[in-house]
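**Q** Take this structure, written in structure tokens, and hold onto it; I'll ask about it next.
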């Protein structure tokens, strides 16, 4: 019998195009996705739901992404949650800062968009 309790991811994204892409890919991977707009909401929801993954648009204007990554990775209860950040391919310094803050994976927008279905399936345990 199949388990109907869906696995969850959190996305900190304010770009409508990526919101749609992430929603569609999550649905296909059998994941629930919740889009949040504040760093406090992300930390609170992560504690409550223990998501498989948190996706952060590193160019998001509604949260300070580097501070959010550092906050999540400094929290004993949350530091094991996978964090993926994406950004423009020309933002090498921001990529390095996100990795130093604790992001597990930081990738260019184009690579993230292209590999999103595989990324979500891997986190969902789907082959």
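Rundown of residues vs (1) closer than 23 Å to residue 77 by Cα; (2) out of contact with any helix residue (DSSP H, G or I) (no Cβ under 7 Å at 6 or more places or on another chain); (3) not in a helix (DSSP H, G or I), yes/no style:
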site	(1), (2), (3)
19	no, yes, no
27	no, yes, no
33	yes, no, yes
48	yes, yes, no
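**Q** Do we have any residue at all in the stretch 72-82 that's outside any loop (DSSP other than H, G, I, E, B) and closer than 18 Å to residue 7 by Cα?
**A** So far as the stretch 72-82 goes, yes, one or more of its residues are outside any loop (DSSP other than H, G, I, E, B) and closer than 18 Å to residue 7 by Cα.
**Q** Filter the stretch 3-14 for residues that are more than 19 Å from residue 69 (Cα to Cα) and in contact with a strand residue (DSSP E or B) (Cβ under 6 Å, 6 or more places away or on another chain); which is modelled with the lowest pLDDT?
**A** Checking each candidate, the answer is 6.
**Q** Now a separate question. For residue 73, state whether it is under 14 Å from the mean Cα position of the chain (by Cα) and more than 16 Å from residue 12 (Cβ to Cβ). Please lay out each step first, then the result.
**A** On the way: under 14 Å from the mean Cα position of the chain (by Cα): yes; more than 16 Å from residue 12 (Cβ to Cβ): no.
It is false that residue 73 is under 14 Å from the mean Cα position of the chain (by Cα) and more than 16 Å from residue 12 (Cβ to Cβ).
**Q** Against the conditions (1) in a helix (DSSP H, G or I); (2) under 14 Å from the mean Cα position of the chain (by Cα); (3) surrounded by fewer than 16 Cβ atoms within 10 Å (Cβ to Cβ), where does residue 114 fall short? Just the number, please.
**A** Condition not satisfied by residue 114: (2).
**Q** Does residue 44 satisfy the criteria of being part of a helix (DSSP H, G or I) and out of contact with any strand residue (DSSP E or B) (no Cβ under 6 Å at 6 or more places or on another chain)?
**A** Spelling it out, residue 44 is indeed part of a helix (DSSP H, G or I) and out of contact with any strand residue (DSSP E or B) (no Cβ under 6 Å at 6 or more places or on another chain).
The values are calculated or read from the model by the stated rules, or taken from the named source; none is laboratory data. The structure displayed is predicted, hence computed values, not measured ones. A quick note on method: Cβ atoms are made from the backbone with ideal geometry, for glycine too, and the neighbour counts reach across all protein chains shown.
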